Amino acid sequence: MEIKNLTKVYKTEYELVKALDDMSLVFPDKGLVFIVGVSGSGKSTLMNMLSGVDVPSSGEVMIGNKSLFNEDKNHLYGYRNSYVGLIFQDYNLIEDLNVYENIKLPLEFLHYTDFSIVDEVIKKVDIEDIKYSQVNQISSGQMQRVAIARALVKNSSMILADEPTGNLDSKNTKIVMDLLKDISKDRLVVVITHDDDAAHEYGDRIIEIEDGKVLEDNLYNESINEKTEEAKDIEFTKPVVTIKQQLKFTFRFIKNSLARSLAICIMLILIPIIGNVLCGYAFFDISTSYKKYQDEYKSDYVLLAKPVTGYNVYYSDEDYINMIAKYGDVFYEVHSTYIPLTTDELLVDDFYQPVIENIITDNYDRLNFVEGYLPISSNEIAITDYICSAYEYYNGIPLWIGDRLNIAGYNYEICGVVDTNFEEFVNEDFTNDLKRMAFEENLEYYNAVYTSFINYQSMHDNMQYYTEKISYTKMPEQIGDVPEKKEGTILVRNLDRNSTPYLLRGTSSLLNQNNSYGFISDRLWQNVMGRDLSDISLINRAIYTCYGTSKYNLSVRVAGIHRDTSSNLIGIDGEVMIQGSAYQRYVNQSNFCRLLVDKNSPAYSEIVKKENVINPSFTYAKATWVRADSSKYVMIEFLITLVLIICVFAAIINSMTLNSEKKKIGIKYSFGISKFPIIVPYLLETIFYVLFGFLISILVVRLVYPLLMTGLIYQTKQEILEFQFFYISSGSILGWDLLIYLIMLISLTAMILSICRKSPIEIIKDL
Ligand code: ADP
Ligand code: MG
């Protein structure tokens with residue numbers, strides 16, 4: 001080894017310090033060389049150049065014909081790793097590792113597989129009794145011997161020791177000096193000391209320096225300058241750090257900084273949850289959320305009606321054409337009907353509806369048939385498998401193809417059975433409101449008869465009555481009271497088609513005068529309008545108005561009260577009989593329809609956002625939407641703040657990490673480890689936290705969070721139902737964890753890279 005014109009200038013705040021001044025020296029291949037000098041003379045600086053842990057301002061350190069500080073960093077890393085063994089005054093052992101592991105470490109970086117030499121070296125420096133002790137539990141003499149063992153173990157060509165006995169008593173000094181003398185027999189050992197006695201007792205050569213210059217250079221043993229026979233071709237081995245080693249570093253690091261690890265974990269649990277809530281509110285999307293509800297509860301359809309001044313009314317033909325123009329033909333048309341399956345009120349069941357309420361018209365491309373075919377002629381009709389079962393439930397025998405079904409007084413032959421998924425709900429728990437609603441929503445499709453639109457129009461002519469769900473006004477008790485609005489179903493009959501009804505009150509003569517006159521049944525008069533039969537003062541004056549789901553209201557001036565013929569029909573509140581153009585207008589209205597859309601339809605999201613969805617469960621989704629929408633901007637502000645908080649927190653945590661780890665990084669760096677492998681354990685650590693944080697946050701969100709929300713924040717049942725639409729997604733939690741990870745990763749990498757810009761010795765000494 002040779003140094004040529006080595007100069008090192010330190011820049012301090014106030015001055016330039018020339019610690020080495022154009023120094024040139026040639027070192028032998030073996031022997032114990034001491035460097036002595038007063039404090040501040042530049043000994044350590046020289047040593048740091050020799051060991052490659054610091055860079056000179058100018059000049060060269062040559063190993064054979066290789067220059068240490070040329071452009072190729074790998075050279076330097078390899079040199080530190082394989083060629084030189086370093087012993088520091090303050091030992092610089094890695095505290096995470098025990099004695100044995102500290103000594104073994106350099107060998108691992110040199111990709112050794114046989115570690116028997118570790119035990120040999122341990123025996124040589126006589127520390128077998130503390131082999132498995134933690135390095136912070138042994139005495140300073142023992143620590144220095146561990147440090148020597150670590151420098152010795154890789155059998156390097158050169159050992160450099162900076163005041164190895166500076167912190168030791170005389171007994172330990174002797175032990176260490178004897179050791180160094182012994183190992184200098186076949187390699188170069190350079191030792192800095194200010195212990196002149198020891199230097200003169202052991203030294204083969206003593207170099208005294210002052211103010212960065214060589215003052216004296218005395219050789220005491222000529223034999224060390226003999227050239228070794230074989231001309232060694234010097235090889236530097238770059239260190240390799242295996243993943244297993246990195247994991248070991250990671251685990252020890254986590255173990256040794258539990259409080260810090262805990263802080264990070266808590267952050268990784270809390271922030272995703274908070275972030276998720278904020279995101280949920282800020283970016284709440286009604287169609288995604290409602291689709292999730294539909295998927296979860298198996299609600300398969302979206303039912304649409306037209307909103308007109310507070311009412312949901314049916315679509316006219318014109319409206320329907322507009323809808324198709326907007327969204328494509330994704331709709332089933334749903335028309336109201338009334339086909340009772342039973343007359344026995346005691347049998348009425350939640351699951352099997354006693355009345356078929358819909359006629360659905362479609363081009364049939366979308367329907368699956370269990371058996372049979374689509375109605376071809378106008379006296380045919382298709383039913384669903386649900387209706388087959390409902391009919392069997394009420395009547396003991398199933399309804400099947402070839403059987404007849406009476407629709408509004410006319411018999412149709414069943415020609416096909418449509419396949420539905422109603423079986424999925426057979427064992428559902430309908431005490432859960434959302435589940436019950438989902439089933440009811442599907443009933444629009446299940447509880448229906450099917451025909452083509454053309455057939456449906458000819459069915460009109462056969463129908464003797466229509467029914468409709470309505471809002472009707474109850475007559476005020478006193479003039480001036482506001483009429484009370486109620487909901488129910490009435491049957492509307494055509495007077496022309498029927499034999500004259502049995503009139504209880506009033507007269508049919510009025511009917512001839514004006515088409516707005518009609519009869520209403522005794523049940524309607526008593527139960528709905530709240531009048532006694534004997535109270536006929538209002539006849540001729542009362543106007544009975546139904547606000548149907550159709551566009552037009554049915555307004556009837558009461559001409560008379562007839563005996564109710566529908567009293568054995570479940571769910572019917574009463575009858576109205578009208579004639580002529582009034583009835584015709586009403587019939588035309590029943591061409592009007594609601595629209596049913598499959599939830600898998602491509603237009604789903606747009607329809608849910610823009611159209612008037614009348615699914616019962618949609619109310620809750622919509623309320624959540626309103627709630628979220630009102631707080632959207634505040635939430636976005638919070639979100640931004642949260643991200644800033646994470647950045648600051650990550651930076652603080654990372655700088656905490658690095659302050660406690662700096663020395664270790666410096667030691668590894670002085671072993672020749674390059675930047676990237678130094679970063680890896682810290683990255684791995686963060687990955688562990690992220691995985692851990694993710695799992696726990698999911699657990700918290702799925703178990704604790706809903707309880708908390710429903711128990712503390714949302715009080716009413718209505719609010720709890722609304723809350724069900726506020727989904728917490730695992731994806732969002734993961735996203736937040738990854739965001740934190742990314743921020744921590746970037747700030748950590750930046751910090752480590754800035755640390756590694758310094759030389760190892762500057763890192764170790766924290767300069
Ligand atoms: P010795 O080891 O002989 O006591 P050093 O090599 O440590 O001496 O220091 C030589 C000179 O360089 C001293 O004046 C010291 O103050 C100065 N010096 C050493 N390291 C630094 C540094 N990192 N920054 C500034 N000055 C330094
Ligand atoms: Mg010194």
What are the residues in the stretch 408-450 that are crowded, with 21+ Cβ neighbours inside 10 Å, in contact (Cβ under 8 Å) with a residue 60 or more places away in the chain and under 25 Å from Y466 (Cβ atoms), if any?
E441, N442, E444, Y445, Y446, N447, A448, V449, Y450
Failed item, numbered, when G141 is tested on (1) open to solvent by 10 Å² or more (accessible area, probe 1.4 Å); (2) modelled with pLDDT under 90:
(1)
Mind counting the residues in the stretch 34-59 that are open to solvent by 50 Å² or more (accessible area, probe 1.4 Å) and more than 8 Å from ligand 1 (Cβ to nearest atom)?
3
Go through (1) under 16 Å from Y689 (Cβ atoms); (2) within 16 Å of ligand 1 (Cβ to nearest atom) one by one and return the number of the condition I740 breaks.
(2)
Go through the stretch 1-24 and give me each residue that's surrounded by fewer than 23 Cβ atoms within 10 Å (Cβ to Cβ) and under 20 Å from R80 (Cα atoms).
M1, E2, I3, K4, K8
Take the residues in the stretch 165-184 that are at pLDDT below 90 and part of a loop (DSSP other than H, G, I, E, B), then tell me which one is farthest from ligand 2 (Cβ to nearest atom).
D169
Output the qualifying pairs, or none if there are none: Cβ atoms under 9 angstrom, residues six or more apart or on different chains, first residue in the stretch 640-661 and free of Cβ contacts under 8 Å to residues at least 60 places away in the same chain, second residue acidic (D, E).
N659/D766
Residues that are open to solvent by less than 50 Å² (accessible area, probe 1.4 Å) and modelled with pLDDT under 85: find the helices (runs of 4 or more DSSP H) completely inside the stretch 679-767 holding 2 or more of those.
705-708, 717-724, 730-756
Hey, could you check the stretch 35-53 for residues that are in contact with a strand residue (DSSP E or B) (Cβ under 8 Å, 6 or more places away or on another chain) and of a type in the set (S, T, Y) and say which is nearest to ligand 2 (Cβ to nearest atom)?
S44
Kindly indicate whether any position in the stretch 625-636 is touching a residue at least 12 places away in the same chain (Cβ under 8 Å) and closer than 30 Å to Y446 by Cβ.
yes
Among the residues of the stretch 60-96, the number that are within 12 Å of ligand 1 (Cβ to nearest atom) and under 16 Å from S674 (Cβ atoms) is 0
Among the candidates K675, K668, K663, residue that is modelled with pLDDT under 85 and farther than 29 Å from I274 by Cβ
K675
Does any residue in the stretch 743-758 that is closer than 26 Å to L268 by Cα come within less than 7 Å, Cβ to Cβ, of a residue that is part of a helix (DSSP H, G or I) and among the small types (G, A, S) six or more places away or on a different chain, and which pairs are these?
I743/A650; M744/A650; S747/A650; S747/A651; M751/S655
For the stretch 185-194, which residues satisfy the criterion of being more than 14 Å from ligand 1 (Cβ to nearest atom) and either at pLDDT below 90 or in a loop (DSSP other than H, G, I, E, B) (or both)?
K185, D186, R187
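For (1) of a type in the set (D, E, K, R); (2) touching a residue at least 40 places away in the same chain (Cβ under 8 Å); (3) not assigned by TED's automatic domain parsing to the domain that holds I339, each residue gets a yes or a no:
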| position | (1), (2), (3) |
| --- | --- |
| L367 | no, yes, no |
| E371 | yes, yes, no |
| N379 | no, no, no |
| I383 | no, yes, no |
| I387 | no, yes, no |
| A390 | no, yes, no |
| N395 | no, yes, no |
| G402 | no, no, no |
Against the condition surrounded by 21 or more Cβ atoms within 10 Å (Cβ to Cβ), at pLDDT below 90 and of a type outside the set (D, E), how does N81 come out, does it pass?
yes
Restricting attention to the stretch 201-208, does a residue exist that is within 16 Å of ligand 2 (Cβ to nearest atom) and open to solvent by less than 20 Å² (accessible area, probe 1.4 Å)?
yes
At least 2 residues that are touching a Gly at 6+ places or on another chain (Cβ under 7 Å) and not polar (S, T, N, Q) in each: list the strands (runs of 3 or more DSSP E) lying fully within the stretch 393-454 that qualify.
410-418
Would you confirm whether any residue within the stretch 152-159 is surrounded by 21 or more Cβ atoms within 10 Å (Cβ to Cβ), of a type outside the set (A, V, I, L, M), without any contact (Cβ under 8 Å) to a residue 60 or more places away in the chain and not in a helix (DSSP H, G or I)?
no
Determine whether the stretch 639-651 contains at least one residue that is open to solvent by 40 Å² or more (accessible area, probe 1.4 Å), over 30 Å from D285 (Cα atoms) and more than 30 Å from the chain's Cα centre (by Cα).
no
How many residues of the stretch 149-164 are modelled with pLDDT under 90 and within 15 Å of I175 (Cβ to Cβ)? The answer is 2
With the condition kept exactly as written, say whether any residue in the stretch 589-600 is surrounded by fewer than 15 Cβ atoms within 10 Å (Cβ to Cβ), out of contact with any helix residue (DSSP H, G or I) (no Cβ under 6 Å at 6 or more places or on another chain) and outside any loop (DSSP other than H, G, I, E, B).
no
Criterion: within 26 Å of I665 (Cβ to Cβ) and within 16 Å of ligand 2 (Cβ to nearest atom) - qualifying residue of F109, F88, F69:
F88
Entirely in the stretch 313-391, the strands (runs of 3 or more DSSP E) that have 3 or more residues that are open to solvent by less than 40 Å² (accessible area, probe 1.4 Å)
331-340, 355-361, 380-384
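The values are calculated or read from the model by the stated rules, or taken from the named source; none is laboratory data. Computed from a prediction, not measured in an experiment: that's the story for all the values here. Every residue, glycine as well, gets a Cβ built from its backbone with ideal geometry; the counts of neighbours run over all protein chains shown. These accessible areas exclude ligands, DNA and RNA; they are computed on the full protein's heavy atoms, side chains included. Shrake-Rupley method; radii C 1.70, N 1.55, O 1.52, S 1.80 Å.
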